[in-house]
Amino acid sequence: MPDELKVVGHSVPRVDGPAKVTGRAPYALDLTVPGMVHGIAVRSERAHARIVSIDVEAAEAAPEVLAVVTAASVAPLDVRFGHVARDHPALACDRVMYHGEPVALVVARTPRAAARAARLVRVHYDELDAVIDAETALQDDAPLLHPDRVAPLGDAGLDAGAADLTGNLCAESTVGWGDVDTAMAAADLVVEGEYRYPMLYGYAMEPYNAIASFEEGTLVVHSTAQHPYMVREDLARMFGLPLARVRVVVPYVGGGYGTKSYTKVEPLAALGAWVTGHPVRVALSVEEAMLTTRSDGAHIRARSGFAADGTLLAREFDVVMDSGAYTDNSPVVCAKLANRCFGPYRVPAVRVRVRSVFTNTVPASSLRGFGAPQGALAGELQMDEAAQRLSIDPVDLRLRNVVAPGEEILPRKRGIDADLAEDLRMLTGSLGWGGPSAPGTGIGFGLTASDAGAHPTSVAMVRLHADGSASAAVGATELGQGSRTVLSQIVAECLGLPFDRVAILAADTGATPYERTTGASRTTTLVGRSLQAACADVRRRVREVAAEVAGVDASAVVDLPAGVSVGGERWDYAEVLSRWFGAGGELVGVGEVRRAGEFQAMPPFWEVGASGVVVDVDAETGVVSVLQLTTVGDVGIAINPVLVHGQDLGAATMGLGAALSEALVYDGEALANPNVVDYRVPRSSDVPDRLELLLVERRDGIGPFGAKGSGEGALNPIGSAVAAAVGRAIGVFPHELPLTPERVWRLAQERVGDVRT
Amino acid sequence: MLILSDFRLHRPASLADALLLRAELGDEGAVYAGGTELLLALKMGVLEYEHLIDIKRCPELRGVQQVDGTVRIGAATTHRDLETSPLLARLLPALAELERHVANIRVRAAGTIGGNLAFAEPHADPPAMLTALDARVELAGPAGVRELPVEDFVLGAYETALGDDELVTAVVVPVPPAGVRATYRKLATLERPTVGVAVMGEVAGDTFATAPAVVVGAVDERPLRVDATPLAGASVRDRDALEAVVEAARDLVDPVDDLSGSADYKRHLTGVVTRRALEHIVDPGSPS
Amino acid sequence: MSDTTTTAVTGRINGREQTLQIDNADLLLDVLRDLGLRGAKPSCEMEVCGACTVQLDGLPVSACTTLAAEIDGRDVETIEHLDADGTLHPVQEAFLRHSALQCGFCTPGMVMTAKALLEQDPDPSREDVVHWLEGSICRCTGYATIIDAVLDAAEVMRRAR
Ligand code: FES
Ligand code: FES
């Protein structure tokens, strides 16, 4: 680490550590508001039906019940929300669109009274044909789920695809260049196959919850929201309030991983408060959380054409995403999947079509990786299959095609800000690729590149206090990724303060400045940059007032760590403030990042992934054990190396879950496994014995001190890497995740000794 | 949200009081022995009772004792107590080892052996092992005390021979004679065992003196005994004899498709786990 | 014999004897949280995740699936008690040293589970730790730092003895 950095680049302890190990860190679920009452949703028992009537009398008469809220009972409020298209009702209006959808909200003085009364609500349905499977939903005779399409809001910051949408298409994204058909015809080898990536539940351990109240005309919401400013917009629209009169506060959040992006239960709590006049908490169970948001499953048909020497000539992807009942964030995932599926390679001809499809299932939205893991399953596995069929080492095959630093992956986008060839060499070296391997074991690895950072809008504020300490107000939420720690490090570094003289305020749309989202690895990078700008601004103010107090030209005042030099004399911050204000006071600096200048080119940065595994397969039972995991964190600079390791291992472990055991399963029209007993996430015994979490710091990112993102990259190639490793162990490449013991056993049975296509 | 309905809670301090309550409440009362199964079922609304009889405070129902060539385990003894019982480790090491791998530590700390048997959840570990060990369930009721072999006690999924006015008071496990070993091997694709196979047999070198007891658990609604006569007097390395028993196990089970696997797969696994259990009892170093 | 759906219980919560009139249908987790002890968290509510772990007579239990009335005559310890004297427990210190947490939602349960292990077995192997933590889910960290922290705490505690 270059020694000019005092705080950045060091693994300072997490600022939230002591509060969290003592159990005192407040989560939304731990807050109480005086007079708070409780709302419980009555959920649909049909996948698709017209609501004939809702019989609420018995529930309303039950003890301690204050109200039963339905969409009809709050008219004329329009209860629909959505940041891409406003088509998702907080409470079903005239139709239910999936099994488990909220139909009514029972508000009572205790959660138990609400839950008991909820059982008394009778909903009469007129059943409609439902469609659970996305391929079926695309057929002409499929029931039409959104006959009255809601026009998209047209938020310019969203990469939401376009095209004329008909039938059950929720979104469609296409990417393409070159003459794919000619290139394929000329190819020496065309690898072709179908791949399936499951729909997943992120299982952030704190289920969605919110408390809402109306206080002096302002709607105040405490919630688990990852993107409080996006939630604010939805609530402002729903209740006809100006943005200034909606305050969304986010304390610590028990896990996000994208699952808490955008609006979830906040409207339910707010509607309850609007009707009853009391603060209302809505706290979901895990089962209800599983009925709230999942990730898009994907069925991918892919073809890749190669020359005999392994040069990629063309790639074609046709993807159907199962996006569930409402639009939510699926169009964005759809666009990202289209951008990410063909990989960080130089491909002369590309044709990608991704269709996001409505079905009568739990609505899909964001989850860590955002289309990249789905795409990589096909894209990377085809690299492995091609290597095998061309008898080329799969590392060499990738090296032949991988983009060089600065080279474009997507036309007119920012060139790649990473050295993937070098990352791949490190990765495969660590995995022992090319060395001897024990029977029944296999090595798999992959590369991905994600256009990350989302839309670069970020505003930050730094306040320099009278004692020379500083606090920063940013709208980024602390989901466990360590943002408060990392952002504190950045402020401390910029102002020359010791780390413990800096504090970061929790996200509060009423107090912290605008932050578009907390996701896509944008906090360290983009929020970090706006904070750097805010620090520079406050430093400028310090110089200005010091010069004025000293009666010298501003140019005679020079920055020092934690202070300035005024004509050779050191004044620390406290001294400057005390001379300027006489008593108390503070100086405020503001910084912005917006899509202009160096942030004009999209994406703001690339989040690359280079991960791999060594697995052991018990072919007789199909049980896969991961013996080694290696991740290469190509992060530009690790502002806090220990935290980056934590992100990489955590993300990769989540990837292992999707690779080996996680999948939401529909049995008929309802979820068959809406609980974490039957939806199996990785456990302590699933941690590989050998872990290599490598860091590459080339300072080649746009973030502070050259930082890029972390926290998704390590996950994105894992699914394909595990599939490749298992394929090498059993002699046939799997095309579908998760690789449950039964699936692996069946594949091993089918083994033909060659690559299945 | 998972909530319990209201109920009355009875906490008898003696077995006699507990039996009086059982007789009085009949099927309106549920026996609460550890709650790890019962409370889940109540929370999910699968079961509902007006009365719960907490038997954990009856001293007669706790503890592990050696009684005349048997180990007597009080019904309210927890899995954790069994996992750590020196007596069990000495006399029934395979059962102690099984107990160490029941569910997770919190379930082991609360759940009891009697509760486990009486709830008769098919996807459980102890019933198959207890069957293989020829264990008996001791039941007390108004008519006195009776004993039933475990395999006659468990009748099906969530179904036992326990009368509405009876309590499971103990599980009595004969201590196997010298030279007789036992083992339990399982495979879990989800939270609970998908297949568990218990074996007890007299082994000398790699040869079974007589046909071992082989019991398949967790696949069917109740543990099933596999006919292992082909292995009587045979070596475990006698492939034909071994495969005959494996085949018998596969043929015996009648699995259903569910989230933990298809019927085909479970049948196949039954064979694999049976073979591995038989190999393991002869050679404890063999792969599980 | 009880005539009502409540039960009077007297138990020790974090070292202090308390007499409470408990609703029979109350779960231990709800009662503790209502008492302001909110370190233990609800998550799966089905005994598989461990977020709600507290110690009952020294052993870890799922407070989400334990009747509150169980505390009668027994000793309940929650995460809030660990630093009651102003110093962190060695397990907590080790979690900080190893950065064995991210969102922290699982952390109180993990710490209580680990503490119970070290009380039962002061010298666990790595395999013992993994086995003991098998029923405690962490969705953020990938577990390795947690396992390291528990082993480290064990060593620190052994040396202090
Ligand atoms: S909430 Fe109790 S074990 Fe998960
Ligand atoms: S730190 Fe988030 S679940 Fe463990």
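Laboratory data are not the source of any read-out in this text; all were calculated from the coordinates shown. Predicted, not measured: the structure shown is a model, and the values here were computed from it. Neighbour counts run over all protein chains shown; Cβ positions are idealised from the backbone, glycine included.
Compute the projected area of the convex hull of the Cα atoms of the stretch B:121-196, averaged over all viewing directions, and report it in nm² to one decimal place.
With every direction weighted equally, the projected area is 5.9 nm².
Any lysines with Cα under 16 Å of the residue A:336 Cα? List them, leaving off those in the same chain fewer than 8 positions away.
Cross-link targets: A:413.
Please say if the stretch B:182-282 is rounded, prolate or oblate, where rounded means a/c under 1.5 for a ≥ b ≥ c the square roots of the C-alpha gyration tensor eigenvalues, and otherwise the choice is prolate for a/b larger than b/c and oblate otherwise? Could you put the intermediate results ahead of the total?
Details: a/c = 2.29, a/b = 1.94, b/c = 1.18.
Prolate, since a/c reaches 1.5 and a/b exceeds b/c.
Rounded to the nearest 500, what is chain B's calculated 222 nm mean residue ellipticity when only DSSP H runs of at least 4 contribute -39500 (n - 2.57) each, over all residues? Walk me through the numbers on the way to the answer.
Details: 11 runs with 95 residues, N = 288.
Per the formula, -9000 deg cm²/dmol.
So what is Rg over Rh here for the stretch A:377-533, counting just Cα atoms and using Kirkwood for Rh? Present the calculation step by step, with values, prior to reporting the outcome.
Details: Rg = 21.7 Å, Rh = 19.0 Å.
Taking Rg over the Kirkwood Rh, I get 1.14.
Report the Stokes-Einstein translational diffusion coefficient (µm² s⁻¹, integer) for the stretch B:63-174, Rh taken as the Kirkwood radius over Cα pairs, at 20 °C with viscosity 1.002 mPa s.
On the way: Rh = 13.8 Å.
My calculation gives 155 µm²/s for D.
Across the residues of A:609-620, average count of Cβ atoms on other protein chains within 10 Å? All intermediate terms of the calculation are to be shown ahead of the outcome.
On the way: counts 0, 0, 0, 0, 0, 0, 0, 0, 0, 4, 0, 8.
Neighbouring Cβ atoms belonging to other protein chains average 1 per residue here.
Could you please tell me the mean projected area of the C-alpha convex hull for the stretch A:116-179, averaged over all directions and given in square nanometres to one decimal? Intermediate values should be presented prior to the final figure.
Values: hull surface 34.7 nm².
Here the figure is 8.7 nm², rounded to one decimal.
Can you tell me how the stretch B:1-99 classifies by the Cα gyration tensor, rounded, prolate or oblate, using a/c under 1.5 as the rounded cut?
Working: a/c = 3.30, a/b = 1.65, b/c = 2.00.
Because a/c hits 1.5 or more and a/b fails to exceed b/c, the stretch B:1-99 counts as oblate.
Checking a compactness column here: for chain B, what do you get for Rg(Cα) / (2.2 N^0.38 Å), N being the number of residues? Before the final figure, lay out each step's value.
Values: Rg = 19.1 Å, N = 288, 2.2 N^0.38 = 18.9 Å.
Cα-based Rg divided by the globular estimate yields 1.01.
Defining a contact as two alpha carbons under 8 Å apart and six or more residues distant in sequence, what relative contact order in percent does chain C show? Before the final figure, lay out the partial values.
On the way: 279 pairs, mean separation 37.7, N = 161.
Worked out over chain C, it gives 23 percent.
Please work out the ratio of the alpha-carbon Rg of the protein assembly as shown to 2.2 N^0.38 Å and round it to two decimals.
Numbers: Rg = 31.0 Å, N = 1206, 2.2 N^0.38 = 32.6 Å.
Expressed relative to 2.2 N^0.38 Å, the Cα Rg reads 0.95.
Can you flag which of A:264/C:115; A:20/B:186; A:20/A:708; A:264/B:186 are past 30 Å Cα-Cα? It would help to have the intermediate numbers written out before the result.
Values: A:264/C:115 36 Å; A:20/B:186 37 Å; A:20/A:708 27 Å; A:264/B:186 41 Å.
Too far apart for the 30 Å limit: A:264/C:115; A:20/B:186; A:264/B:186.
Using a 7 Å offset from the Cα along the Cα-to-Cβ direction at both residue A:60 and residue B:146, what is the distance between the two label points in nm, to one decimal?
Modelled inter-label distance: 5.6 nm.
In terms of the ratio Rg/(2.2 N^0.38 Å) built on C-alpha atoms, what value belongs to chain C?
Here the Cα radius of gyration is 1.05 times the empirical estimate.
Measure out, as a whole number of angstrom, how far apart the alpha-carbon centroids of the stretch B:102-128 and the stretch B:222-288 sit.
Here the answer is 23 Å between Cα centres.
Quick one: compute the contact order of chain B, relative version, from alpha carbon pairs under 8 angstrom and 6+ residues apart, as a percent. If you can, show how the numbers build up before the last one.
Numbers: 654 pairs, mean separation 41.1, N = 288.
For chain B, the relative contact order is 14 percent.
Expressed as cubic angstrom per residue, what is the convex hull volume of the alpha carbon set of the stretch B:8-54? Kindly include the intermediate steps, with their values, before the conclusion.
On the way: hull volume 2.9 nm³, N = 47.
Dividing the Cα hull volume of the stretch B:8-54 by its residue count gives 62 Å³.
Relative contact order of chain A: what whole-number percent is it, with Cα pairs under 8 angstrom and at least 6 residues apart? All intermediate terms of the calculation are to be shown ahead of the outcome.
On the way: 2028 pairs, mean separation 113.3, N = 757.
Contact order relative to length: 15 percent.
If you average the C-alpha positions of the stretch A:570-607 and of the stretch A:311-383 separately, how far apart do those two centres end up, in angstrom?
39
What value, in deg cm²/dmol to 500, does the helix sum -39500 (n - 2.57) over DSSP H runs of n ≥ 4 give at 222 nm once divided by the residues of chain A? Walk me through the numbers before you get to the answer.
Values: 18 runs with 195 residues, N = 757.
That calculation yields -8000 deg cm²/dmol at 222 nm.
For the residues A:132, A:211, what sequence is obtained by ranking on other C-beta atoms within 10 Å, fewest first?
Exposure proxy ranking, most exposed first: A:132, A:211.
Order of C:136, A:430, A:471, A:555 from fewest to most other C-beta atoms within 10 Å?
Working: C:136 25, A:430 20, A:471 17, A:555 8.
Least to most surrounded, the residues fall as A:555, A:471, A:430, C:136.
What FRET efficiency comes out for the pair residue A:548/residue A:244, r = Cβ-Cβ distance, R0 = 35 Å, nearest 0.05? The partial results should precede the final answer.
Details: r = 33 Å, r/R0 = 0.96.
My answer for the efficiency is 0.55.
Which Cα, out of A:606, A:470, A:733, lies furthest along the positive dipole direction of chain A (beta carbon charges, K/R +1, D/E -1)?
A:470
Would you mind giving the mean number of other chain beta-carbons within 10 Å of the Cβ of each residue in A:669-679, as a whole number? Working shown, then result.
Numbers: counts 0, 0, 0, 2, 2, 0, 7, 9, 10, 8, 4.
Shielding by partners across A:669-679 averages 4.
If we count other beta carbons within 10 Å of each Cβ, what is the order of A:352, A:33, fewest first?
Placing the least packed residue first, the sequence is A:33, A:352.
Give the average, rounded to an integer, of partner chain Cβ atoms located within 10 angstrom of each Cβ in C:90-102. Don't skip to the answer; put the middle values down first.
Working: counts 0, 1, 6, 1, 1, 3, 6, 2, 2, 11, 4, 9, 15.
Average neighbour count from other chains, rounded to a whole number: 5.
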